[in-house]
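What follows is calculated from the coordinates using simple rules that are stated; it is not laboratory data. Given the structure is predicted, the values throughout are model-derived calculations rather than measurements. As a convention, Cβ positions derive from the backbone with ideal geometry for all residues, glycine included, and neighbour counts pool all protein chains shown.
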Amino acid sequence: MPELSKRTEGFTDSVIRRMTRISDAYGAVNLSQGFPDFDPPKEIMKELQRAALEGPHQYAITYGAKNFRDALARKQEHFSGVAVDPEKEIVVTCGSTEAMMAAMMAVTNPGDKVIIFSPFYENYGADTILTGAEPIYVPLVPPAFTFDGNVLEDAFKQGAKALILCNPSNPCGKVFTREELTLIADLAIKYDAFVITDEVYEHIIYEPYKHVYMSAIKGMKDRTIICSSLSKTYSITGWRLGYVIANEQVIERVKKVHDFLTVGAAAPLMEAACVGLNFEDTYYKELQAHYTHMKTLFTNGLDQIGLNYSDPQGAYYVLVDISEYGYTSDLKFCEDLARKVKVGAVPGSSFFKENVNNYIRFHFAKQDTTLKEALERLENMNRIMKK
Ligand code: GLN
């Protein structure tokens, strides 16, 4: 057989998605890969039913159906306060996974440096390998996941083309403050770099924290490349609807990359999801209340079991400290946890650049019954897992 590509040689599969397969194999309650086990809003499902019968079923405009982009531009302006031109400043993609890849392809050349906060969502590492960009990791230091402005400036000084900002952060649940965003923005402006955001959890925030959009920070509208999606906001992770929002020149490039990568997102799904983009503010308040309920249920349970974890400010993950279990491999811990305790988690090491292996990540976007079942099983964790 001819040689396969060097570029993909060092790839592992996604540990997040592998843990779903492992959880399923052992009949574990799957709190690894983050996705809800409850339904999307009824209105969206009904519109999907209508779209199934009435269409559209053929290609939409490659960068997104017009009604979807119009609705998205309105929603984005409503929440961020920054106007978006639906014709020139949006590309609808197949999930924010494609959005991030297309954004990276559009702005980096092989060898360009890209700053990534660690811990990070595991796709970013793969994105840099596929584009040939070189990551510079800047630690978010546990337990508060703060960063050192001087370390960040040193990273920019190395000539970084862009910084990837996952806010709210997966996996650590950090919500960047306005002051932190301003510090990052000032450096991006000073060193002439883009900020590529991943804001898929923008509506999953816990009181008293607030999501501040990087694009709304002074001087950042034209430097920010927003990647986000409808997956988490409307509980439709399987629909693969994401988007890039950026200035016209960047979007011109992203449109081309996207056109050749995937042609376009699914037309009937865009049609149905428009209903969600047009929801009133009450929808987002209820979503927040629902997630606050799930977080409280789950973290109260962890408290009762006596586990140490990072209390998230946003997103739907907790990092649980497993130091006291005496494992040297968090991957092995997660495999044992799925097999023996029958709860699925993701090893923290898949998110950290540093040699950190004392965390595992659970997500709690689940029905009460699922979370209670997981907590009941986790009550046995100390007995079964302690060495
Ligand atoms: N964001 C989810 C997680 O971190 C998974 C997303 C995906 O698998 N595409 O678990």
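Given R₀ = 30 Å, FRET efficiency for Asp148-Lys332 by Cβ-Cβ distance, to 0.05? All intermediate terms of the calculation are to be shown ahead of the outcome.
Values: r = 32 Å, r/R0 = 1.07.
In this case the efficiency is close to 0.40.
Could you give the nm distance between label points at Asn278 and Leu261, where each point is 7 Å from its Cα heading toward the beta carbon?
2.9 nm
Hey, if you put +1 on the Cβ of every Lys and Arg and -1 on every Asp and Glu Cβ in the chain, which of Ile245, Pro135, Phe156 ends up farthest toward the positive end of that dipole?
So the residue furthest toward the plus end is Pro135.
Please compute the contact order of segment 221-263 in relative form: average sequence separation of alpha-carbon pairs under 8 Å and at least six residues apart, divided by the residue count, as a percent. Don't jump to the answer; show the numbers that get you there.
Working: 40 pairs, mean separation 15.2, N = 43.
Contact order relative to length: 35 percent.
In percent, how large is the relative contact order of the chain, given Cα pairs closer than 8 Å and 6 or more residues apart?
Values: 754 pairs, mean separation 99.1, N = 387.
That works out to 26 percent.
What three numbers, in Å, describe the spread of the alpha carbons of segment 312-387 along their principal axes, ordered from the longest?
Projected onto the principal axes, the Cα atoms of segment 312-387 cover 35, 31, 17 Å.
Which value in nm describes the separation of the simple spin-label points at Lys42 and Phe11, placed 7 Å from the Cα toward the beta carbon?
For Lys42 paired with Phe11, the spin-label model returns 4.3 nm.
How much FRET efficiency would the formula 1/(1 + (r/R0)^6) give for His57 and Lys387, where r is the Cβ-Cβ distance and R0 is 51 Å, rounded to 0.05? Write down the numbers at each step before the final one.
On the way: r = 56 Å, r/R0 = 1.10.
Once the sixth-power term is evaluated, E becomes 0.35.
What nm distance separates the two modelled labels at Arg178 and Glu248, each placed 7 Å from Cα along Cα→Cβ?
3.1 nm
What relative contact order, as a whole-number percentage, does segment 266-387 give when Cα pairs under 8 Å and 6 or more residues apart are counted? Each step should come with its number before you reach the end.
Working: 130 pairs, mean separation 32.1, N = 122.
After rounding, I find 26 percent.
Within segment 329-382, count lysine pairs with alpha carbon atoms under 21 angstrom apart where the residues are 8 or more positions apart or belong to different chains.
Lysine pairs meeting the criterion: 6.
With only Lys, Arg, Asp and Glu charged, each at its Cβ (+1 for the first two, -1 for the last two), find how big the charge dipole of the chain is about the Cα centre; round to the nearest 20 debye.
Numbers: 42 positive and 50 negative charges, 113 e Å.
Value, rounded to 20: 540 debye.
Among Ser228, Phe117, Leu187, whose Cα lies farthest out toward the positive end of the dipole of segment 98-256, if unit charges sit on the beta carbon of Lys, Arg (+1) and Asp, Glu (-1)?
Selected residue: Ser228.
Cα centroids of segment 224-282 and segment 81-113: how far apart, whole angstrom?
Segment 224-282 and segment 81-113 have Cα centres separated by 10 Å.
Sorted from fewest to most neighbouring beta carbons within 10 Å, what does the list Ile136, Ile204, Ile61 look like?
Numbers: Ile136 20, Ile204 25, Ile61 14.
Sorted ascending by nearby Cβ count, the order is Ile61, Ile136, Ile204.
Evaluated at 25 °C with a viscosity of 0.890 mPa s, what Stokes-Einstein diffusion coefficient in µm²/s does the chain have when Rh comes from the Kirkwood expression over alpha-carbon pairs?
Numbers: Rh = 21.5 Å.
After rounding, the answer is 114 µm²/s.
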